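S.K.: Have a look at the structure that comes next, please.
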Amino acid sequence: MLTHPTLDQMATLGLSGMAAAWRALAEQDPAEALNRNEWLGLMLDREAAWRADKRFANRLRNAKMRFPNACIEDIDFAAARGLDRRQILSLAQGGWLKAHEQC
């Protein structure tokens with residue numbers, strides 16, 4: 001159970017990101033005091049980022065990808081698979097998406 005009524009209310013409303021920001025800001029040094037607008041802005045930013053991260057994690061989990069942690073940097077171009085480094089890296093930059101082309 002949370003001890004602060006504001007934190008209790010944030011948890012009840014499902015504002016976990018804002019509650020985490022509240023705790024982090026409350027632990028800061030009072031010499032670095034922020035005004036109310038800055039506090040609210042930081043808490044809202046944290047909530048928005050938390051929700052976006054949660055949505056992305058849900059989409060990644062629902063995609064059921066074979067290698068969910070794979071990334072471009074991990075490609076082994078030395079293996080004999082016939083991969084062209086320049087072509088792969090240009091595809092990774094996403095210019096073909098902006099040009100509305102198909103891969």
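Only the coordinates and a few stated rules stand behind these numbers; no lab work does. Note that this is a predicted model, so its numbers are computed, not measured. Counting neighbours? That spans all protein chains shown, and the Cβs are built from the backbone with ideal geometry, glycine included.
S.K.: Run through region 6-73 and list the GluC sites (Glu not before Pro) located in a DSSP loop whose Cβ has at most 10 other Cβ atoms within 10 Å.
M.R.: On the way: sites: 27, 32, 38, 47, 73; in loops: 27.
Counting only loop positions with at most 10 other Cβ atoms within 10 Å, the GluC sites (Glu not before Pro) in region 6-73 are 27.
S.K.: Given a 10 angstrom Cα cut-off, can you work out which residue in 42, 15, 83 is the most mobile in a GNM of the chain?
M.R.: For the chain, modelled as a Gaussian network with Cα springs under 10 Å, the answer is 83.
S.K.: Counting C-alpha atoms alone, how compact is region 53-95: give Rg to one decimal and Dmax as a whole number, in angstrom.
M.R.: Cα only, region 53-95: 13.5, 38 Å (Rg, Dmax).
S.K.: I need the Kirkwood Rh of region 26-75: take the reciprocal of the average 1/r across all distinct C-alpha pairs and report it in angstrom.
M.R.: Working: mean 1/r = 0.0710 Å⁻¹.
Roughly 14.1 Å, rounded to one decimal.
S.K.: Please list, short to long, the whole-number percent of alpha-carbon pairs of the chain in consecutive 10 angstrom bins beginning at zero.
M.R.: Pair shares across the bins are 12, 24, 23, 18, 17, 6, 0.
S.K.: Taking DSSP loops as anything outside H, G, I, E and B, show the longest stretch in the chain free of trypsin sites (Lys or Arg not before Pro) there with at most 10 other beta carbons within 10 Å.
M.R.: On the way: sites that count: 64, 66, 81.
Longest gap between qualifying sites, sites excluded: 1-63.
S.K.: Just add up the charged neighbours of residue 17: K/R +1, D/E -1, any other residue whose Cβ is under 15 Å from the Cβ of residue 17. Before the final figure, lay out the partial values.
M.R.: Working: positive: 23, 46, 51, 54, 55; negative: 45, 47, 53.
Once all neighbours under 15 Å are counted, the net charge is +2.
S.K.: Before rounding to the nearest 500, sum -39500 (n - 2.57) across all DSSP H runs of length at least 4 in the chain and divide by the residue total; then give [θ] at 222 nm in deg cm²/dmol. Mind dumping the intermediate values first?
M.R.: Values: 5 runs with 60 residues, N = 103.
Theoretical 222 nm ellipticity from helices: -18000 deg cm²/dmol.
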